[in-house]
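Single-structure report; data block below.
The values are calculated or read from the model by the stated rules, or taken from the named source; none is laboratory data. The shown structure was predicted, so the numbers you read here are calculated from the model rather than taken from an experiment. Neighbour counts are summed over all protein chains in view; Cβ atoms, including those assigned to glycine, are modelled from backbone coordinates with ideal geometry. SASA here: full protein model, heavy atoms, side chains in, ligands and nucleic acids out. Shrake-Rupley method; radii C 1.70, N 1.55, O 1.52, S 1.80 Å.
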Amino acid sequence: SDVQFSFRESVEPVYRELAALLLDSNPTQANLIQVRELIEGLQLAELDNFFREACLDSEVQQIDEIDDRAAVIYSMMLPDRLAVIISAAGQPLQYHSTPIGKVDAEQTVRDLLASLHPASDNNDRLRLSQKVYNWLLPPAAQSSLADRQTLVFVLDGLMRKIPVAALHDGQQYLIEQHAVALSPGLKLMASQSLAQKDLQGIVAGISESVGGLSALPGVEQEVAEISRSVSASPLLNQNFTKEALEDTVNHTQANVLHLATHGQFSSKQEDTFLLTWNGRLNIRELSELLRKREIQTGEAIELLVLSACDTAVGDDRAVLGLAGLAVKSGARSTLASLWPVKDRVAVLLMSDFYKNLQQPNMTKAEALRQAQLKLLADEGFSDPFFWSSFTIVGNWL
């Protein structure tokens with residue numbers, strides 16, 4: 001923990017100071033490319049620090065090489081401004097900045113997150129949502145992004161907790177215009193997206209109260225429905241042990257792992273875990289299990305879905321745990337929720353997501369978008385609290 005504290009106090013500011021120098025006055029394309037690589041490098045350094053080992057060795061990929069219909073929005077909080085670089089296939093890098101101090105920017109993000117509770121004032125939420133929307137997607141950039149199918153956000157610091165799907169331009173939510181995804185950076189993307197295959201899954205969950213945590217009654221229906229969608233034998237309650245999960249992962253050809261159970265993402269590796277019937281499965285155990293299977297069979301998990309997990313309350317960097325799990329597990333994509341939602345919502349959204357995913361030429365980000373739009377159109381669940389917390393991390397294709 002002392003080393004991690006030292007990183008925040010001594011190492012991280014160097015990245016930000018260099019970025020600020022490169023962005024002073026009117027930055028050239030060469031400077032913007034260097035700042036983009038700095039942001040990628042900072043994301044990598046934070047994850048190395050999270051795992052306490054230099055565990056990730058990846059080449060930077062350009063957005064053109066991954067998806068020519070996507071754009072990547074990088075943000076970086078500097079002492080006197082919020083810097084945004086937009087990288088879209090076939091276009092020069094765009095730079096925008098908002099003159100706002102880090103303390104004020106973080107307070108606005110906290111206010112936005114607080115306003116997403118259903119009991120909050122709707123006008124206040126829309127005002128804050130539009131404010132952050134214009135930070136990340138300023139009017140000058142919006143026309144050049146209109147034809148981009150997917151917007152991928154590489155966010156900095158507390159901004160990682162923002163459910164970007166719920167950002168609002170005054171007329172529509174962002175999800176009504178584009179599929180969205182979060183990424184810890186293109187440097188950390190899986191080297192290739194696996195071709196669309198028949199979905200074969202491992203579906204595990206806990207619906208009963210265990211380990212002092214509350215029951216999740218909707219999980220039983222969620223596990224049953226999704227097991228049918230991805231032709232899997234479910235591991236439910238007492239059948240979902242660490243040993244049973246390891247055995248199933250090692251002896252099936254599954255390309256989807258769906259875990260509907262309590263869990264927590266934290267900025268501390270030891271506090272990032274998923275709950276099984278016989279104890280906690282921490283991030284390192286899960287990632288080692290999935291990595292070992294990939295090495296032995298050559299088959300990676302295409303999609304890791306974490307339903308009913310939560311980001312640690314009061315931990316400004318808790319989403320590091322989600323990003324860390326997404327990267328370290330070797331899964332091409334991770335679908336998770338930034339906060340817990342009603343069981344019924346999870347069942348509806350997950351069920352639609354898997355149905356959508358089996359349509360021809362459907363990306364994971366678009367499959368999630370369509371499922372979220374269906375909830376948005378449902379009067380009972382139209383509030384962004386219900387649908388905006390679900391997000392794709394990693395490879396959105």
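Side notes on the structure shown:
- Hull volume in cubic angstrom per residue (convex hull over the Cα atoms of the stretch 319-374): 91 Å³
- Relative to the current alpha-carbon distance between ASP198 and ASP316, full extension at 0.36 nm per residue lengthens the span by 38.6 nm.
- Long pairs among LYS292/LYS355; LYS102/LYS131; LYS242/LYS292, criterion Cα-Cα beyond 22 Å: LYS292/LYS355
- Solvent-accessible area, 1.4 Å probe, carbon plus sulfur percent, for the stretch 135-182: 44 percent
- Estimated inter-spin distance, ARG110 and ALA244, nm [label 7 Å along Cα→Cβ]: 4.3 nm
- Using a Gaussian network model of the chain in which every pair of alpha carbons under 10 angstrom is joined by a spring, one finds that among ALA70, ALA89, ALA140 the greatest mean-square fluctuation is at ALA140.
- For the stretch 56-181, alpha-carbon Rg over 2.2 N^0.38 Å: 1.06
- Working from label points 7 Å from Cα in the Cα-to-Cβ sense, the ARG284 to SER209 distance is 3.3 nm.
- Partner lysines whose Cα lies under 17 Å from the Cα of LYS342, excluding those fewer than 8 positions away in the same chain, are identified as LYS374.
- Span from the the stretch 290-318 Cα centroid across to the the stretch 349-397 one, whole angstrom: 19 Å
- Rounded if a/c under 1.5, otherwise prolate or oblate - the stretch 269-358, Cα gyration tensor axes: oblate
- Most mobile listed residue (GLY263, GLY321, GLY380) in the chain, GNM with C-alpha springs under 10 Å: GLY380
- Placing unit charges on each Cβ (+1 for Lys and Arg, -1 for Asp and Glu) gives the stretch 132-281 a dipole about its Cα centre, and among VAL132, THR241, ILE202 the Cα reaching farthest toward its positive end belongs to VAL132.
- Remark: relative contact order (the chain) = 15 percent; criterion is Cα-Cα distance under 8 angstrom and separation of 6 or more residues.
- Cα gyration tensor shape for the stretch 1-122, rounded if a/c is under 1.5, else prolate or oblate: rounded
- In the full protein context, the stretch 21-153 carries 44 Å² of accessible surface per residue, based on a 1.4 Å probe and ignoring ligands, DNA and RNA.
- Taking every DSSP helix (H) stretch of at least 4 residues in the chain, weighting each as -39,500 (n - 2.57) and dividing the sum by the residue count yields a mean residue ellipticity at 222 nm of -12000 deg cm²/dmol.
- Exposed GluC sites (Glu not before Pro) absent: longest stretch of the chain, with sites in DSSP loops and at most 10 other Cβ within 10 Å deemed exposed: 60-397
- Extension gain for the segment VAL103 to LYS342, taken as residue separation times 0.36 nm less the Cα-Cα distance, is 82.8 nm to one decimal.
- Solvent-accessible area, 1.4 Å probe, carbon plus sulfur percent, for the stretch 242-397: 48 percent
- Think of a 1.4 Å ball rolled over the protein heavy atoms: the stretch 292-372 then has 32 Å² of accessible area per residue.
- Cα-based Rg / Dmax (Å) for the stretch 164-282: 17.2, 50
- Paramagnetic label reach from GLU225 (point 7 Å along Cα→Cβ; backbone nitrogen cut-off under 13 Å): within the stretch 337-377, residues 342-356, 371-372, 374-375.
- Heavy atoms of the protein chains alone define the surface here; on that basis the stretch 217-289 has 42 Å² accessible area per residue at 1.4 Å probe size.
- Each principal axis of the chain carries a Cα extent, and these read 61, 47, 41 Å when sorted largest first.
- Accessible carbon and sulfur surface of the stretch 75-117 relative to its total accessible area, %, 1.4 Å: 57 percent
- Taking 7 Å steps out from each Cα toward its Cβ at ASP271 and ARG69 produces label points 4.1 nm apart.
- Simple point charges give the picture: +1 on the Cβ of Lys and Arg, -1 on the Cβ of Asp and Glu, and for the chain a dipole about the Cα centre of about 280 debye.
- GNM remark for the chain: springs join alpha carbons under 10 Å apart, and the peak mean-square fluctuation among ALA224, ALA318, ALA308 falls on ALA224.
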